Amino acid sequence: MKRIWNSIAICSTLLIYITSCTPSAKDDGLGHHHHDHGSHGGNDHGSEIVLSVEQAKKFGVYSQMVKPRDFNNIIKVSGQIESAPTDQSIVAATAPGIVKFTPGTVEGKIVSSGTTIARISSKNIAGGDPNEYARVAVEATKRELDRLTPLHEDGIVTTKEYNAAKQAYDEALASYSGLPTGGIAKAATSGAITQLLVKEGEYVTTGQPIAVISGSTRLTLRADLPEKYFRQLPTITTASFKPSYADNVIHLNEVNGKMISKPTTATAQQTGYIPIHFSFDNNGSAIPGAFVEVYLIGSTKSNAIVLPVDAITEQQGKHSVYVKLDDECYEKRLVEIGNSNGSEIEILSGLTRKDEVVTKGAIIVKLAESSGAIPEGHSHNH
């Protein structure tokens, strides 16, 4: 809702600015701007959008000249963040009973060694608490031993009877932990909770696993490559990924990432997919167990036209960019897009190296275009 109101506010402000826009120095006296469309690639262009230098600066609209450069072929696939098996520990129930997790205990939470994960209560459940039975047994055998001790000293009871009573007391004492009814389950190592194996209020037995903790210093990225891309396996060298819970893209070359496995045959854990694994340092932005979009980076393509993803707008399945024609005029240009690495995208057609394209604030230009506030006669399709 906040984004909607922000968009309405921006559009309203643009409406006021544009309708009050005065003719520029390039006006022909009729409120028209004239440009040689042949110099802009010869494409079929729509109406031009007027946005003053002051407006562009105010709303953060920036542009840059198209500069062809090297760009890697990209294969977008799904994947998951995993922990190394040696970097995992299990939190087990220390007593039978009902599990009650401590507040804030959820999958993905970072915990330190010794942190209490859950408390286990055996009160008011069928079968009772064995620890409570042990306490009662200790008290009973202690009373019996205290009764027999003076009698044994006086020779009234035999040594055999006394030793039996003492043995019963020692065994009861060994079975009694001395802890309150139930138990406490704590993390044995530091890391992130990747799995909760039981639900709140569920009954568990002693030793039953209730949670998995994975170390968060070094993680594994698993990319599931569809078998149809098998022939491109040799070209894949690294990757970037975008977690489902975040907007930013993480590039493996920025987090000490490296490929640790690349199958040479089309075998996979999942039918139809080939798993490729990368190892990387966790800088705090990746959560073990999270699902991600993976951009597998392959061979290099020369002289590619590449723009930031934010420079592209989409409407009814068609993609467009905004080309800056002069200081105050912009033009919507249909383009064909290619591969994306999550933060940048290749433009296959619709632009030339002579074009200056809006790379930041494209949504502002789009709002100006859709506001309908451009004075009549600004179209340049004469």
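Can you name every residue in the range 92-105 that is more than 11 Å from residue 117 (Cβ to Cβ), part of a strand (DSSP E or B) and open to solvent by 20 Å² or more (accessible area, probe 1.4 Å)?
So in the range 92-105, the residues more than 11 Å from residue 117 (Cβ to Cβ) come out as 95-98, 103.
So of that shortlist, the ones also part of a strand (DSSP E or B) come out as 97-98.
Residue satisfying the conditions is 98 alone.
For the range 342-351, enumerate the residues that are touching a Gly at 6+ places or on another chain (Cβ under 6 Å) and either open to solvent by 50 Å² or more (accessible area, probe 1.4 Å) or without any contact (Cβ under 8 Å) to a residue 12 or more places away in the chain (or both). Full working, then the answer.
From the range 342-351, those touching a Gly at 6+ places or on another chain (Cβ under 6 Å) are 346, 348; that's our starting set.
Answer for the range 342-351, where residues must be touching a Gly at 6+ places or on another chain (Cβ under 6 Å) and either open to solvent by 50 Å² or more (accessible area, probe 1.4 Å) or without any contact (Cβ under 8 Å) to a residue 12 or more places away in the chain (or both): just 348.
Cβ contacts < 6 Å: first residue closer than 29 Å to residue 193 by Cα and surrounded by fewer than 16 Cβ atoms within 10 Å (Cβ to Cβ), restricted to the range 115-142; second residue at pLDDT below 75 and of a type in the set (Val, Ile, Thr), any location; separation 6+ or different chain. Result?
123/181
So which residues in the range 359-373 are within 30 Å of residue 299 (Cβ to Cβ) and open to solvent by less than 50 Å² (accessible area, probe 1.4 Å)? Let's see the steps before the verdict.
Quick first cut of the range 359-373, residues within 30 Å of residue 299 (Cβ to Cβ) only: 359-360, 362.
Once the filter is applied, which keeps residues that are within 30 Å of residue 299 (Cβ to Cβ) and open to solvent by less than 50 Å² (accessible area, probe 1.4 Å), the range 359-373 yields 359, 362.
If you scan the range 256-266, which residues turn out to be in a strand (DSSP E or B) and without any contact (Cβ under 8 Å) to a residue 40 or more places away in the chain?
Here is the first cut: in the range 256-266, the ones in a strand (DSSP E or B) are 258-261.
258, 259, 261 - these are the residues of the range 256-266 that are in a strand (DSSP E or B) and without any contact (Cβ under 8 Å) to a residue 40 or more places away in the chain.
Out of all the residues in the range 328-341, is one or more part of a helix (DSSP H, G or I), acidic (Asp, Glu) and in contact (Cβ under 8 Å) with a residue 40 or more places away in the chain? If you could, list the steps in order and put the result at the bottom.
To start, the set of residues in the range 328-341 that are part of a helix (DSSP H, G or I) comprises none.
Among the residues of the range 328-341, not one is part of a helix (DSSP H, G or I), acidic (Asp, Glu) and in contact (Cβ under 8 Å) with a residue 40 or more places away in the chain, which makes the answer no.
Considering the range 64-91 alone, what residues qualify as being over 30 Å from the mean Cα position of the chain (by Cα) and either surrounded by 17 or more Cβ atoms within 10 Å (Cβ to Cβ) or not in a strand (DSSP E or B) (or both)?
66, 67, 68
Hey, which of the strands (runs of 3 or more DSSP E) in the range 139-255, taking only ones fully inside, have at least 3 residues that are touching an Asp or Glu at 6+ places or on another chain (Cβ under 9 Å) and at pLDDT below 90?
Numbers: elements: 183-186, 191-196, 209-214, 218-226, 238-243.
Of the strands (runs of 3 or more DSSP E) lying wholly inside the range 139-255, those with at least 3 residues that are touching an Asp or Glu at 6+ places or on another chain (Cβ under 9 Å) and at pLDDT below 90 span 191-196, 218-226.
Before we move on, is residue 322 modelled with pLDDT of 90 or more, in contact with a helix residue (DSSP H, G or I) (Cβ under 6 Å, 6 or more places away or on another chain) and part of a strand (DSSP E or B)?
yes
Can you tell me which of 151, 145, 173 is under 56 Å from the mean Cα position of the chain (by Cα) and surrounded by 12 or more Cβ atoms within 10 Å (Cβ to Cβ)?
Working: 151 fails: under 56 Å from the mean Cα position of the chain (by Cα); 145 fails: under 56 Å from the mean Cα position of the chain (by Cα).
Exactly one of 151, 145, 173 is under 56 Å from the mean Cα position of the chain (by Cα) and surrounded by 12 or more Cβ atoms within 10 Å (Cβ to Cβ), namely 173.
Check 287, 305, 276, 312 and return the single one that is at pLDDT below 90 and either of a type outside the set (D, E, K, R) or open to solvent by 60 Å² or more (accessible area, probe 1.4 Å) (or both).
None of the other options fit; the residue is 287.
Hey, does the range 75-84 have a residue that's among the polar types (S, T, N, Q) and within 15 Å of residue 190 (Cβ to Cβ)? Full working, then the answer.
So in the range 75-84, the residues among the polar types (S, T, N, Q) come out as 78, 80, 83.
Next, from what is left, pick out any that are within 15 Å of residue 190 (Cβ to Cβ): 83.
The answer is yes, given that some residue of the range 75-84 is among the polar types (S, T, N, Q) and within 15 Å of residue 190 (Cβ to Cβ).
Does residue 355 satisfy being acidic (Asp, Glu), in contact with a strand residue (DSSP E or B) (Cβ under 6 Å, 6 or more places away or on another chain) and either in contact (Cβ under 8 Å) with a residue 60 or more places away in the chain or open to solvent by 30 Å² or more (accessible area, probe 1.4 Å) (or both)? Before you say what the answer is, go through the steps one by one.
Working: acidic (Asp, Glu): yes; in contact with a strand residue (DSSP E or B) (Cβ under 6 Å, 6 or more places away or on another chain): yes; either in contact (Cβ under 8 Å) with a residue 60 or more places away in the chain or open to solvent by 30 Å² or more (accessible area, probe 1.4 Å) (or both): yes.
Spelling it out, residue 355 is indeed acidic (Asp, Glu), in contact with a strand residue (DSSP E or B) (Cβ under 6 Å, 6 or more places away or on another chain) and either in contact (Cβ under 8 Å) with a residue 60 or more places away in the chain or open to solvent by 30 Å² or more (accessible area, probe 1.4 Å) (or both).
Can you pull out every residue in the range 191-228 that is over 13 Å from residue 82 (Cα atoms), of a type outside the set (Lys, Arg) and either open to solvent by 40 Å² or more (accessible area, probe 1.4 Å) or under 16 Å from the mean Cα position of the chain (by Cα) (or both)?
Across the range 191-228, the qualifying residues are 196, 197, 200, 201, 202, 203, 205, 206, 207, 208, 209, 227.
With (1) free of Cβ contacts under 8 Å to residues at least 12 places away in the same chain; (2) in contact with a strand residue (DSSP E or B) (Cβ under 6 Å, 6 or more places away or on another chain); (3) of a type outside the set (Gly, Ala, Ser) as the list, and residue 316 as the residue in question, which single condition is left unmet?
Result: residue 316 passes all but (2).
Open to solvent by 60 Å² or more (accessible area, probe 1.4 Å) and at pLDDT 50 or above - does that describe any residue in the range 21-41?
The answer is yes, given that some residue of the range 21-41 is open to solvent by 60 Å² or more (accessible area, probe 1.4 Å) and at pLDDT 50 or above.
The values are calculated or read from the model by the stated rules, or taken from the named source; none is laboratory data. Here the structure is a predicted model, which is why all the values come from computation and not from measurement. Because the Cβ atoms are built from the backbone with ideal geometry, glycine has one as well, and the counts that use them run over all protein chains shown. These accessible areas exclude ligands, DNA and RNA; they are computed on the full protein's heavy atoms, side chains included. Shrake-Rupley method; radii C 1.70, N 1.55, O 1.52, S 1.80 Å.
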